[in-house]
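I have placed the structure first, in the form of C-alpha coordinates, so that the comments after it can refer back to it.
The values are calculated or read from the model by the stated rules, or taken from the named source; none is laboratory data. None of the values given here were measured: they were computed from a predicted structure. So basically every Cβ, Gly included, is an ideal-geometry build from the backbone, and we count neighbours across all protein chains shown. These area figures cover heavy atoms from the full protein model, side chains too; ligands, DNA and RNA do not enter into them. Shrake-Rupley method; radii C 1.70, N 1.55, O 1.52, S 1.80 Å.
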Amino acid sequence: MAKKTRTGKLEKIPGQYETISQLMDSLYPTDGEGCPRIQDLHTLTDLFLPSHSNWEHMRMIRHLYRMTNDTHLQYYRVMIPKRSGGFRRLDVPTGRIKYCQEKILEKILSRMSVHPCAKAYVKGTSLRDAAAPHVGKPVVVKLDIHDFYGTITFGMVYNRVFGEDRFPKKIGMILANLCCCRGVLPQGAPTSPAISNLVMVPQDEAISVWCAARDITYTRYSDDLIFSGDFEPAELIREVRKLLRRDGFTLNTGKTRIIRQGRRQIVTGVVVNEKAQLPAEYRRAIRQEVYYCAKYGVRDHILRSGLTEYIRENGYSEDGKRVMQRSYLYHLLGKIGYALMIDPDNAEMRRCRDTVKGILAAMPPRKRAAEPFDTDEPLPF
(Lines give C-alpha, C1' and ligand atoms only; values in the text may rest on other atoms or scores of the structure.)
Protein backbone atom coordinates (compact mmCIF):
# COMPACT_ATOMS: atom_id res chain seq x y z
CA MET A 1 0.00 0.00 0.00
CA ALA A 2 0.98 3.64 -0.30
CA LYS A 3 -0.23 6.98 0.95
CA LYS A 4 0.31 10.55 -0.19
CA THR A 5 2.07 13.13 1.93
CA ARG A 6 1.01 16.77 2.07
CA THR A 7 3.45 17.56 -0.72
CA GLY A 8 1.69 15.03 -2.95
CA LYS A 9 4.60 12.56 -3.00
CA LEU A 10 3.93 8.86 -2.62
CA GLU A 11 5.23 7.31 0.56
CA LYS A 12 5.79 3.56 0.67
CA ILE A 13 4.57 1.53 3.62
CA PRO A 14 7.27 -1.15 3.99
CA GLY A 15 6.61 -4.85 4.29
CA GLN A 16 3.50 -4.97 2.08
CA TYR A 17 5.05 -6.45 -1.07
CA GLU A 18 7.02 -9.64 -1.64
CA THR A 19 8.42 -8.80 -5.07
CA ILE A 20 9.55 -5.73 -6.99
CA SER A 21 6.88 -6.41 -9.63
CA GLN A 22 4.09 -6.17 -7.04
CA LEU A 23 5.56 -2.94 -5.71
CA MET A 24 5.95 -1.38 -9.17
CA ASP A 25 2.49 -2.42 -10.37
CA SER A 26 0.58 -1.20 -7.35
CA LEU A 27 2.61 1.71 -5.99
CA TYR A 28 3.89 3.29 -9.21
CA PRO A 29 1.48 3.40 -12.19
CA THR A 30 2.64 2.89 -15.75
CA ASP A 31 2.40 5.10 -18.79
CA GLY A 32 0.54 4.20 -21.96
CA GLU A 33 3.34 1.85 -23.07
CA GLY A 34 3.36 -0.09 -19.79
CA CYS A 35 6.66 1.49 -18.76
CA PRO A 36 6.88 2.20 -15.00
CA ARG A 37 6.69 5.86 -14.03
CA ILE A 38 9.87 6.40 -12.08
CA GLN A 39 9.44 9.77 -10.41
CA ASP A 40 12.35 9.87 -7.94
CA LEU A 41 15.60 8.16 -6.96
CA HIS A 42 13.85 6.06 -4.33
CA THR A 43 11.64 4.52 -7.02
CA LEU A 44 14.67 4.00 -9.27
CA THR A 45 16.51 2.01 -6.62
CA ASP A 46 13.44 -0.20 -6.16
CA LEU A 47 13.93 -1.16 -9.80
CA PHE A 48 17.41 -2.54 -9.11
CA LEU A 49 17.32 -3.81 -5.53
CA PRO A 50 16.27 -7.47 -5.15
CA SER A 51 13.52 -8.04 -2.59
CA HIS A 52 15.95 -9.97 -0.36
CA SER A 53 18.72 -7.35 -0.55
CA ASN A 54 19.98 -5.78 2.67
CA TRP A 55 21.26 -2.69 0.83
CA GLU A 56 19.73 0.62 1.87
CA HIS A 57 18.34 2.96 -0.76
CA MET A 58 20.91 5.69 -0.10
CA ARG A 59 23.73 3.18 -0.51
CA MET A 60 22.26 2.06 -3.85
CA ILE A 61 21.86 5.69 -4.99
CA ARG A 62 25.53 6.42 -4.21
CA HIS A 63 26.54 3.27 -6.07
CA LEU A 64 24.49 4.28 -9.13
CA TYR A 65 26.20 7.68 -9.24
CA ARG A 66 29.63 6.03 -8.97
CA MET A 67 28.82 3.69 -11.85
CA THR A 68 27.58 6.50 -14.09
CA ASN A 69 30.70 8.59 -13.41
CA ASP A 70 33.13 5.98 -14.78
CA THR A 71 31.11 3.61 -16.95
CA HIS A 72 34.04 3.05 -19.34
CA LEU A 73 35.95 1.30 -16.55
CA GLN A 74 33.22 -1.29 -16.19
CA TYR A 75 33.54 -2.81 -19.66
CA TYR A 76 36.05 -5.17 -21.19
CA ARG A 77 36.80 -5.30 -24.89
CA VAL A 78 36.40 -8.41 -27.02
CA MET A 79 37.46 -8.75 -30.66
CA ILE A 80 35.59 -11.41 -32.64
CA PRO A 81 36.41 -12.33 -36.26
CA LYS A 82 33.97 -11.31 -38.99
CA ARG A 83 32.92 -13.76 -41.66
CA SER A 84 33.85 -11.17 -44.29
CA GLY A 85 37.29 -10.61 -42.75
CA GLY A 86 38.61 -8.33 -40.05
CA PHE A 87 37.30 -8.12 -36.50
CA ARG A 88 34.22 -6.82 -34.73
CA ARG A 89 34.76 -4.96 -31.44
CA LEU A 90 32.45 -5.68 -28.53
CA ASP A 91 32.37 -3.65 -25.31
CA VAL A 92 31.00 -6.12 -22.78
CA PRO A 93 29.73 -4.86 -19.39
CA THR A 94 30.85 -6.51 -16.19
CA GLY A 95 29.30 -7.25 -12.80
CA ARG A 96 26.85 -4.80 -11.34
CA ILE A 97 26.42 -2.52 -14.33
CA LYS A 98 25.40 -5.53 -16.42
CA TYR A 99 22.89 -6.47 -13.70
CA CYS A 100 21.45 -2.93 -13.82
CA GLN A 101 21.23 -3.07 -17.63
CA GLU A 102 19.37 -6.38 -17.47
CA LYS A 103 16.85 -4.82 -15.07
CA ILE A 104 16.44 -1.78 -17.34
CA LEU A 105 15.82 -4.11 -20.28
CA GLU A 106 13.31 -6.23 -18.35
CA LYS A 107 11.39 -3.47 -16.54
CA ILE A 108 11.58 -0.55 -18.98
CA LEU A 109 12.84 -1.18 -22.51
CA SER A 110 10.88 -4.39 -23.15
CA ARG A 111 7.65 -2.48 -22.45
CA MET A 112 8.30 0.29 -24.97
CA SER A 113 6.88 0.18 -28.50
CA VAL A 114 9.12 0.07 -31.57
CA HIS A 115 8.23 0.69 -35.20
CA PRO A 116 6.45 -2.22 -36.97
CA CYS A 117 9.19 -2.40 -39.61
CA ALA A 118 11.79 -3.35 -36.95
CA LYS A 119 12.15 -7.15 -37.03
CA ALA A 120 15.26 -7.72 -34.87
CA TYR A 121 15.35 -7.95 -31.07
CA VAL A 122 11.54 -7.86 -30.86
CA LYS A 123 9.74 -10.56 -28.90
CA GLY A 124 7.74 -12.85 -31.15
CA THR A 125 9.61 -11.99 -34.36
CA SER A 126 12.22 -13.96 -36.27
CA LEU A 127 14.35 -13.89 -39.42
CA ARG A 128 11.34 -15.21 -41.30
CA ASP A 129 9.34 -12.11 -40.35
CA ALA A 130 12.08 -9.92 -41.81
CA ALA A 131 12.25 -11.91 -45.04
CA ALA A 132 8.62 -12.95 -45.74
CA PRO A 133 7.34 -9.48 -46.81
CA HIS A 134 9.88 -9.48 -49.68
CA VAL A 135 8.88 -12.80 -51.28
CA GLY A 136 8.33 -12.72 -55.06
CA LYS A 137 9.22 -9.05 -55.59
CA PRO A 138 10.81 -7.83 -58.87
CA VAL A 139 13.63 -5.94 -57.11
CA VAL A 140 15.24 -6.40 -53.69
CA VAL A 141 17.64 -3.75 -52.36
CA LYS A 142 19.75 -4.34 -49.24
CA LEU A 143 21.49 -1.45 -47.50
CA ASP A 144 23.79 -1.54 -44.46
CA ILE A 145 24.36 1.24 -41.92
CA HIS A 146 28.06 1.84 -41.23
CA ASP A 147 29.13 1.60 -37.55
CA PHE A 148 25.50 1.40 -36.42
CA TYR A 149 25.98 1.25 -32.64
CA GLY A 150 28.94 3.61 -32.65
CA THR A 151 26.83 6.31 -34.35
CA ILE A 152 24.10 6.20 -31.68
CA THR A 153 25.26 8.84 -29.21
CA PHE A 154 24.41 9.49 -25.57
CA GLY A 155 22.24 12.44 -26.63
CA MET A 156 20.17 10.24 -28.95
CA VAL A 157 19.72 7.62 -26.22
CA TYR A 158 18.64 10.22 -23.67
CA ASN A 159 16.32 12.23 -25.93
CA ARG A 160 14.58 9.32 -27.67
CA VAL A 161 14.48 6.68 -24.93
CA PHE A 162 14.91 8.22 -21.49
CA GLY A 163 13.83 11.81 -22.21
CA GLU A 164 11.66 14.09 -20.09
CA ASP A 165 8.51 12.91 -21.86
CA ARG A 166 8.98 9.63 -19.99
CA PHE A 167 11.22 10.32 -16.96
CA PRO A 168 12.36 13.25 -14.81
CA LYS A 169 15.64 14.64 -16.16
CA LYS A 170 17.78 13.32 -13.28
CA ILE A 171 16.38 9.79 -13.65
CA GLY A 172 16.69 9.83 -17.43
CA MET A 173 20.32 10.95 -17.25
CA ILE A 174 21.20 8.10 -14.87
CA LEU A 175 19.46 5.50 -17.06
CA ALA A 176 21.10 6.81 -20.24
CA ASN A 177 24.54 6.82 -18.58
CA LEU A 178 24.06 3.25 -17.39
CA CYS A 179 23.37 2.16 -20.98
CA CYS A 180 26.19 4.09 -22.74
CA CYS A 181 29.97 3.73 -22.79
CA ARG A 182 32.35 6.48 -23.90
CA GLY A 183 29.41 8.55 -25.10
CA VAL A 184 27.95 5.97 -27.52
CA LEU A 185 25.86 2.81 -27.43
CA PRO A 186 28.15 -0.16 -26.65
CA GLN A 187 27.85 -3.18 -28.89
CA GLY A 188 27.87 -5.98 -26.33
CA ALA A 189 25.54 -4.56 -23.65
CA PRO A 190 22.18 -6.37 -23.16
CA THR A 191 20.30 -3.07 -23.46
CA SER A 192 21.85 -1.90 -26.74
CA PRO A 193 19.72 -3.88 -29.25
CA ALA A 194 16.43 -2.68 -27.72
CA ILE A 195 17.70 0.90 -27.44
CA SER A 196 18.82 0.90 -31.08
CA ASN A 197 15.27 0.00 -32.17
CA LEU A 198 13.82 2.83 -30.05
CA VAL A 199 16.36 5.36 -31.32
CA MET A 200 15.53 4.40 -34.92
CA VAL A 201 11.76 4.98 -34.57
CA PRO A 202 11.81 8.44 -36.26
CA GLN A 203 14.04 7.14 -39.06
CA ASP A 204 11.89 4.04 -39.57
CA GLU A 205 8.75 6.18 -39.73
CA ALA A 206 10.23 8.63 -42.24
CA ILE A 207 11.52 5.83 -44.49
CA SER A 208 8.25 3.87 -44.20
CA VAL A 209 6.14 6.89 -45.21
CA TRP A 210 8.35 7.58 -48.24
CA CYS A 211 8.26 3.90 -49.28
CA ALA A 212 4.51 3.48 -48.74
CA ALA A 213 3.80 6.34 -51.16
CA ARG A 214 5.70 4.37 -53.84
CA ASP A 215 4.41 0.88 -53.00
CA ILE A 216 7.82 -0.22 -51.70
CA THR A 217 8.05 -2.78 -48.87
CA TYR A 218 10.51 -1.85 -46.10
CA THR A 219 11.81 -3.84 -43.13
CA ARG A 220 14.85 -3.33 -40.93
CA TYR A 221 16.84 -6.07 -39.19
CA SER A 222 19.25 -4.23 -36.86
CA ASP A 223 21.56 -2.31 -39.22
CA ASP A 224 20.29 -4.07 -42.37
CA LEU A 225 17.66 -2.12 -44.34
CA ILE A 226 15.71 -4.21 -46.86
CA PHE A 227 13.45 -2.85 -49.61
CA SER A 228 11.46 -4.66 -52.28
CA GLY A 229 8.98 -3.87 -55.04
CA ASP A 230 9.05 -2.43 -58.55
CA PHE A 231 11.06 0.79 -58.36
CA GLU A 232 14.24 2.56 -59.40
CA PRO A 233 16.98 1.60 -56.86
CA ALA A 234 19.10 4.73 -57.44
CA GLU A 235 16.29 7.06 -56.34
CA LEU A 236 15.62 4.94 -53.24
CA ILE A 237 19.27 4.88 -52.19
CA ARG A 238 19.58 8.66 -52.58
CA GLU A 239 16.51 9.29 -50.43
CA VAL A 240 17.47 6.80 -47.70
CA ARG A 241 20.99 8.23 -47.54
CA LYS A 242 19.50 11.73 -47.12
CA LEU A 243 17.10 10.61 -44.35
CA LEU A 244 19.80 8.73 -42.45
CA ARG A 245 22.23 11.64 -42.68
CA ARG A 246 19.93 13.75 -40.47
CA ASP A 247 21.06 11.70 -37.46
CA GLY A 248 24.64 11.20 -38.58
CA PHE A 249 24.15 7.69 -40.01
CA THR A 250 25.99 6.74 -43.19
CA LEU A 251 25.58 3.81 -45.56
CA ASN A 252 28.24 1.17 -45.99
CA THR A 253 28.36 1.31 -49.78
CA GLY A 254 30.45 -1.84 -49.95
CA LYS A 255 27.51 -3.86 -48.66
CA THR A 256 24.82 -2.36 -50.92
CA ARG A 257 23.08 -5.09 -52.95
CA ILE A 258 20.55 -4.72 -55.78
CA ILE A 259 19.06 -8.10 -56.69
CA ARG A 260 16.53 -8.48 -59.50
CA GLN A 261 14.33 -11.44 -60.38
CA GLY A 262 16.23 -14.17 -62.16
CA ARG A 263 19.00 -14.12 -59.54
CA ARG A 264 18.86 -15.65 -56.10
CA GLN A 265 17.37 -13.04 -53.78
CA ILE A 266 18.59 -13.57 -50.19
CA VAL A 267 17.27 -11.49 -47.28
CA THR A 268 18.75 -12.06 -43.78
CA GLY A 269 20.05 -15.42 -44.97
CA VAL A 270 16.65 -16.50 -46.38
CA VAL A 271 15.90 -17.03 -50.08
CA VAL A 272 12.77 -15.06 -51.06
CA ASN A 273 12.44 -15.60 -54.83
CA GLU A 274 9.30 -17.74 -54.67
CA LYS A 275 8.86 -18.53 -50.98
CA ALA A 276 10.81 -18.01 -47.77
CA GLN A 277 13.32 -20.85 -47.41
CA LEU A 278 16.97 -21.40 -46.58
CA PRO A 279 19.53 -21.73 -49.40
CA ALA A 280 19.63 -25.14 -51.11
CA GLU A 281 23.22 -25.81 -49.98
CA TYR A 282 22.23 -25.39 -46.31
CA ARG A 283 19.38 -27.88 -46.66
CA ARG A 284 21.56 -30.24 -48.70
CA ALA A 285 24.23 -30.26 -45.97
CA ILE A 286 21.61 -31.19 -43.36
CA ARG A 287 20.29 -34.05 -45.50
CA GLN A 288 23.83 -35.32 -45.97
CA GLU A 289 24.62 -35.26 -42.25
CA VAL A 290 21.41 -37.12 -41.37
CA TYR A 291 22.05 -39.71 -44.10
CA TYR A 292 25.59 -40.45 -42.88
CA CYS A 293 24.42 -40.70 -39.26
CA ALA A 294 21.79 -43.25 -40.25
CA LYS A 295 24.11 -45.23 -42.53
CA TYR A 296 27.42 -45.30 -40.63
CA GLY A 297 26.36 -44.44 -37.10
CA VAL A 298 26.78 -41.13 -35.31
CA ARG A 299 30.19 -41.96 -33.82
CA ASP A 300 31.73 -43.06 -37.11
CA HIS A 301 30.28 -40.07 -38.94
CA ILE A 302 31.80 -37.61 -36.44
CA LEU A 303 35.21 -39.31 -36.65
CA ARG A 304 35.13 -39.57 -40.48
CA SER A 305 34.16 -35.91 -40.81
CA GLY A 306 36.84 -34.76 -38.35
CA LEU A 307 34.39 -32.75 -36.22
CA THR A 308 36.99 -32.05 -33.54
CA GLU A 309 34.62 -30.02 -31.35
CA TYR A 310 32.81 -33.29 -30.55
CA ILE A 311 35.93 -35.45 -30.01
CA ARG A 312 37.89 -35.72 -26.76
CA GLU A 313 40.87 -37.83 -25.74
CA ASN A 314 39.84 -40.74 -23.54
CA GLY A 315 42.16 -43.53 -22.40
CA TYR A 316 39.28 -45.86 -21.50
CA SER A 317 37.92 -46.41 -25.04
CA GLU A 318 39.48 -48.77 -27.58
CA ASP A 319 40.62 -46.00 -29.93
CA GLY A 320 41.41 -43.55 -27.14
CA LYS A 321 38.65 -41.14 -28.20
CA ARG A 322 35.46 -40.02 -26.52
CA VAL A 323 32.86 -38.84 -29.03
CA MET A 324 30.04 -36.60 -27.78
CA GLN A 325 27.29 -38.05 -29.93
CA ARG A 326 24.33 -36.57 -28.06
CA SER A 327 25.77 -33.06 -28.22
CA TYR A 328 26.24 -33.39 -31.96
CA LEU A 329 22.69 -34.69 -32.51
CA TYR A 330 21.18 -31.87 -30.46
CA HIS A 331 23.20 -29.39 -32.52
CA LEU A 332 21.91 -31.04 -35.70
CA LEU A 333 18.34 -30.84 -34.37
CA GLY A 334 18.87 -27.13 -33.80
CA LYS A 335 19.88 -26.62 -37.44
CA ILE A 336 16.83 -28.58 -38.60
CA GLY A 337 14.62 -26.56 -36.26
CA TYR A 338 15.99 -23.36 -37.77
CA ALA A 339 15.16 -24.61 -41.27
CA LEU A 340 11.61 -25.49 -40.16
CA MET A 341 11.18 -22.09 -38.51
CA ILE A 342 11.83 -20.49 -41.90
CA ASP A 343 9.79 -23.05 -43.88
CA PRO A 344 7.45 -24.96 -41.50
CA ASP A 345 5.88 -27.03 -44.32
CA ASN A 346 9.16 -28.49 -45.61
CA ALA A 347 8.47 -32.25 -45.61
CA GLU A 348 12.14 -33.07 -46.22
CA MET A 349 13.28 -31.26 -43.07
CA ARG A 350 10.49 -32.91 -41.09
CA ARG A 351 11.75 -36.34 -42.15
CA CYS A 352 15.27 -35.35 -41.12
CA ARG A 353 13.98 -34.21 -37.73
CA ASP A 354 12.12 -37.51 -37.19
CA THR A 355 15.22 -39.51 -38.16
CA VAL A 356 17.47 -37.67 -35.70
CA LYS A 357 14.89 -37.99 -32.92
CA GLY A 358 14.68 -41.71 -33.64
CA ILE A 359 18.48 -42.08 -33.37
CA LEU A 360 18.43 -40.22 -30.04
CA ALA A 361 15.60 -42.41 -28.71
CA ALA A 362 17.51 -45.59 -29.63
CA MET A 363 20.67 -44.54 -27.79
CA PRO A 364 21.23 -46.10 -24.35
CA PRO A 365 20.28 -43.83 -21.46
CA ARG A 366 23.01 -41.81 -19.84
CA LYS A 367 24.57 -43.29 -16.74
CA ARG A 368 23.36 -41.51 -13.66
CA ALA A 369 26.08 -40.19 -11.41
CA ALA A 370 26.08 -41.99 -8.08
CA GLU A 371 24.84 -40.01 -5.09
CA PRO A 372 27.15 -39.78 -2.05
CA PHE A 373 25.10 -42.35 -0.11
CA ASP A 374 23.52 -44.24 -3.03
CA THR A 375 24.19 -47.74 -1.64
CA ASP A 376 22.46 -50.57 0.15
CA GLU A 377 25.35 -51.00 2.56
CA PRO A 378 24.97 -49.67 6.10
CA LEU A 379 26.38 -46.20 6.65
CA PRO A 380 29.70 -46.12 8.56
CA PHE A 381 28.28 -43.91 11.30
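Answer rounded, prolate or oblate for the range 183-273, using the Cα gyration tensor with square roots of eigenvalues a ≥ b ≥ c: rounded when a/c is under 1.5, else prolate when a/b is larger than b/c, else oblate. Can you show the working numbers first?
Values: a/c = 1.95, a/b = 1.44, b/c = 1.35.
Since a/c reaches 1.5 and a/b is larger than b/c, the shape of the range 183-273 is classed as prolate.
Computed over the Cα atoms, what is the radius of gyration of the range 46-145 divided by 2.2 N^0.38 Å, N being its residue count?
1.55
Residues of the range 134-248: accessible area per residue at 1.4 Å, in Å²?
Result: 37 Å² per residue.
Kindly state, to the nearest 0.05, the FRET efficiency for residue 144 paired with residue 321, given R0 = 45 Å and r defined as their beta-carbon distance.
The computed FRET efficiency comes out at 0.55.
Say R0 is 45 Å: what FRET efficiency, to the nearest 0.05, do residue 77 and residue 295 get from their beta-carbon distance?
Rounded to the nearest 0.05, the efficiency is 0.45.
Given a 1.4 Å probe, how much area per residue of the range 266-318 is accessible, in Å²? Intermediate results must be reported in sequence, preceding the final value.
On the way: 3260 Å² over 53 residues.
The answer is 61 Å² per residue.
Quick check: residue separation of residue 338 and residue 206 times 0.36 nm, minus the Cα distance between them. What number comes out in nm?
Once the chain is fully extended between residue 338 and residue 206, it gains 44.2 nm.
Between the alpha-carbon centers of the range 118-141 and the range 199-226, tell me the distance in whole angstrom.
If we compute the Cα centre of each part, the gap is 12 Å.
State the percentage of accessible surface on the range 136-247 attributable to carbon and sulfur atoms; use a 1.4 Å probe and exclude ligands, DNA and RNA.
48
Peptides 66-73, 131-138, 118-125: what's the order by average Cβ count within 10 Å, highest mean first?
Top to bottom by mean Cβ count within 10 Å: 131-138, 118-125, 66-73.
For residue 94, put the label point 7 Å out on the Cα→Cβ axis and report which residues of the range 177-194 keep their amide N under 18 Å from it.
Counting only backbone N, you get 178-182, 186-190.
Measuring from centroid to centroid over Cα atoms, what is the spacing of the range 295-361 and the range 63-84 in Å?
Here the two parts' Cα centres lie 37 Å apart.
If we sort 78-85, 140-147, 185-192, 330-337 on the protection proxy, mean other Cβ atoms within 10 Å, highest first, what's the order?
The densest-packed peptide leads the list: 185-192, 140-147, 330-337, 78-85.
In whole angstrom, note down how far apart the Cα centers of the range 143-177 and the range 239-292 are.
Taking the Cα centre of each part, the range 143-177 and the range 239-292 sit 30 Å apart.
Between residue 285 and residue 245, what is the spin-label point distance in nm, taking each point 7 Å from the Cα along the Cα→C-beta axis?
About 4.0 nm separates the two model spin labels.
Sort 294-302, 163-171 by the packing proxy (mean of other Cβ within 10 Å over each peptide's residues), most packed first. Can you show the working numbers first?
Details: 294-302: 16.9, 163-171: 14.9.
Taking the mean over residues of other Cβ atoms within 10 Å, the ranking is 294-302, 163-171.
Taking 56 Å as R0, compute the FRET efficiency from the Cβ-Cβ separation of residue 366 and residue 111 and round it to 0.05.
0.85
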